[in-house]
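Have a look at the structure below before the remarks.
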Amino acid sequence: MPLHHAVLSLLTRRPSHGYELKARFEEAIGPQWGGLNIGHLYQILERLVRDGYVSRSQVTQTDRPDKNLYTLTEAGEAELRSWATSAWVRVGGFRDELFLKLLGASTLGPQALAELIESQRQTYLSELAGLARQRRSHANEPLVAVLIDAAIAHTKADLGLLDSAAQHLGPLATARSARASEGAPSPVRGDADEDGGHGGTREARTESAF
């Protein structure tokens, strides 16, 4: 639960209320992460209080409603230290819509694949230009600069991926286009049709070897 731990990180400096934490998070992380929804933040704080990582107290205000003040507990500091000093391991795989688009474009033939790759390339180049501007404007904010550098590196890697996609999927898209123009069905893992030849042809045309 990384956002929960980020809130614990902010509370190491001093006790804070919800809107103060929201502002400090957005200032510390910068524009690449995006804003923090205040409703979600209060849900996080409620869970941290429930887990004993944060304590809550009320502060009386004469000119406005009372506010809740959140303070990091010893258990919260121990949890933060355990999380912050252990390596991050990717567990979700690479679920990027681009891979699904490559699947779709490669089934439509080489022209569609080339169109997607070129369009995506221009999008990435535009993103890099925007990131470079952000990097210059946040040069004196170390954590924000690190996050922007990560975004730049990731986008450059994505550009390299497009070259790999063209190399590996280009011949596949061309072969599919040739089969389609000849009216020949795609092979289905070398298996013979199980229904006398009618269902196998339809399956061959819909199943891809992507």
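The values are calculated or read from the model by the stated rules, or taken from the named source; none is laboratory data. All figures in this text were calculated on a predicted structure; none of them were measured in a lab. All Cβ positions, glycine included, derive from the backbone under ideal geometry; neighbour counts span all protein chains shown. For the accessible areas, the whole protein counts, side chains as well, though only heavy atoms, and no ligand, DNA or RNA atoms are used. Shrake-Rupley method; radii C 1.70, N 1.55, O 1.52, S 1.80 Å.
In the range 1-57, which trypsin sites (Lys or Arg not before Pro) are in a loop and have at most 13 other Cβ atoms within 10 Å, using DSSP for the loop call? Let's see the in-between values first.
Values: sites: R13, K22, R24, R47, R50, R56; in loops: R13.
Here the trypsin sites (Lys or Arg not before Pro) that fit, given the DSSP loop and packing criteria, are R13.
Remark: the A75-E141 segment gains 20.8 nm on full extension, using 0.36 nm per residue and subtracting the alpha carbon distance.
Heavy-atom accessible area with a 1.4 Å probe sorts K156, K101, largest first, into K156, K101.
Provide F25, F94 ordered by accessible surface of protein heavy atoms (probe 1.4 Å), highest first. Write down the numbers at each step before the final one.
Values: F25 10, F94 145 Å².
The most accessible residue leads, giving F94, F25.
The listed residues S16, S57, once ranked by accessible area (1.4 Å probe) with the largest placed first, stand as S57, S16. Considering the options Q61, Q32, V49, tell which one lies farthest towards the positive end of the dipole of the range 17-124, charges being +1 on Lys and Arg and -1 on Asp and Glu at the Cβ, about the Cα centre. It is V49.
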